[in-house]
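Okay, so here's the structure we're looking at.
The values are calculated or read from the model by the stated rules, or taken from the named source; none is laboratory data. Since this is a predicted model, take the numbers as computed values, not measurements. A quick note on method: Cβ atoms are made from the backbone with ideal geometry, for glycine too, and the neighbour counts reach across all protein chains shown.
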Amino acid sequence: MAHRVMVSASTQHENVGVGAYGTEEDRMMFLADRVKYWLETQKGQFNVIRNEKGMTLAQTVELCNNMACELFIDNHTNAGSPAAQGTEVYYYGQGGTNSNSYKISKLLYDRIAPISPGKDRGIMPDTSLYKSGLYVVQHTNPPACLIEHLFHSNAAEVIDMIERVDVYAKAEAMAICDFFNIQWQEACVSSGGIHVVVNGIDIDAKMDVKATMVNGRVLVPARFLAEALGAEVAWDAATKTVTITKK
């Protein structure tokens, strides 16, 4: 029986990060979709529920509870001064550190904090942020937590999230496996499931030939990858030469 997990993302479209980050909503929706992808590589172990753009907190909670989810994770990025940095996770404060909410918070923190570039901020009860706690953590039925992956006001952390979003997503998926005592199966990730992500954008839909794995190496069509990076590509049939020129 597959575990039903809700991987939620911020719908705070008004929060705009520095540089090429875009909105918190768009960036976290993409990350949550990638967490879903990684969980679905694990041979039917998970049924992943996602929220949608524009959903209110109440609608997100209602979806989670109506679907009888066994776990709820809400993905966010933080805001502050340009120097503010680090990962932090909030658990259900009334449950204490012996609760399953704290358990998943610690598992997430242990997986994600080491890969985020800033000095990390710890695991805290949601009531330490607001006296009434965080709405989604307080009102969802299953063990719940909210993770602030990093600060979208910090240029270095923004670059890291854009360039390594799939690293964060996979780490979150592995933490969820840890919670359910499921051994992560790297072999389950088939070559047909490879996604090519450039600057946070999944370009699979644009490629007429999909990425594949041969002898442990991922092969990607040169034209689509180069053009996604802003380069021009030329093919010389006579010499069978591909020329890539940076614009």
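Points worth noting:
- Any chance I49 is modelled with pLDDT of 95 or more, under 22 Å from C177 (Cα atoms) and in contact with a Pro (Cβ under 6 Å, 6 or more places away or on another chain): no
- Taking the criterion of being in a strand (DSSP E or B), modelled with pLDDT of 70 or more and surrounded by 14 or more Cβ atoms within 10 Å (Cβ to Cβ), the residues of region 213-231 that qualify are L219, A231.
- Some residue of region 122-132 being within 27 Å of T56 (Cα to Cα), assigned by TED's automatic domain parsing to the domain that holds H76, aromatic (F, W, Y) and free of Cβ contacts under 8 Å to residues at least 12 places away in the same chain: yes
- Per the conditions (1) under 18 Å from F180 (Cβ atoms); (2) in contact with a Lys or Arg (Cβ under 7 Å, 6 or more places away or on another chain), the sole criterion not satisfied by T87 is (1).
- Of all the listed residues (I159, I123), the sole one being under 18 Å from M28 (Cα atoms) and out of contact with any Cys (no Cβ under 8 Å at 6 or more places or on another chain) is I159.
- Considering (1) more than 19 Å from the chain's Cα centre (by Cα); (2) over 20 Å from T11 (Cα atoms); (3) not charged (D, E, K, R), the lone condition that A155 does not fulfil carries the number (1).
- Single condition F72 does not satisfy, out of (1) in a strand (DSSP E or B); (2) out of contact with any Pro (no Cβ under 9 Å at 6 or more places or on another chain): (2)
- Scanning region 19-54 for residues that are assigned to a loop (DSSP other than H, G, I, E, B), touching a strand residue (DSSP E or B) at 6+ places or on another chain (Cβ under 9 Å), buried (at least 16 other Cβ atoms within 10 Å of the Cβ) and at negative phi yields Y21, Q45, N51.
- Test: E62 is acidic (D, E), in the same structural domain as M161 (by TED's automatic domain parsing) and in a helix (DSSP H, G or I): yes
- Subset of region 193-212 that is farther than 22 Å from Y21 by Cβ and touching a strand residue (DSSP E or B) at 6+ places or on another chain (Cβ under 8 Å) - its residue that is modelled with the highest pLDDT: A211
- Condition met for V165 (of a type in the set (V, I, T) and at pLDDT below 95): yes
- Test for D120: is it touching a helix residue (DSSP H, G or I) at 6+ places or on another chain (Cβ under 8 Å) and either on the phi > 0 side of the Ramachandran plot or at pLDDT 95 or above (or both): no
- Filter pass, T127 being out of contact with any Leu (no Cβ under 7 Å at 6 or more places or on another chain) and assigned to a helix (DSSP H, G or I): yes
- Filter result (small (G, A, S), in a helix (DSSP H, G or I) and in contact with a Gly (Cβ under 9 Å, 6 or more places away or on another chain)) within region 81-122: G93, S101
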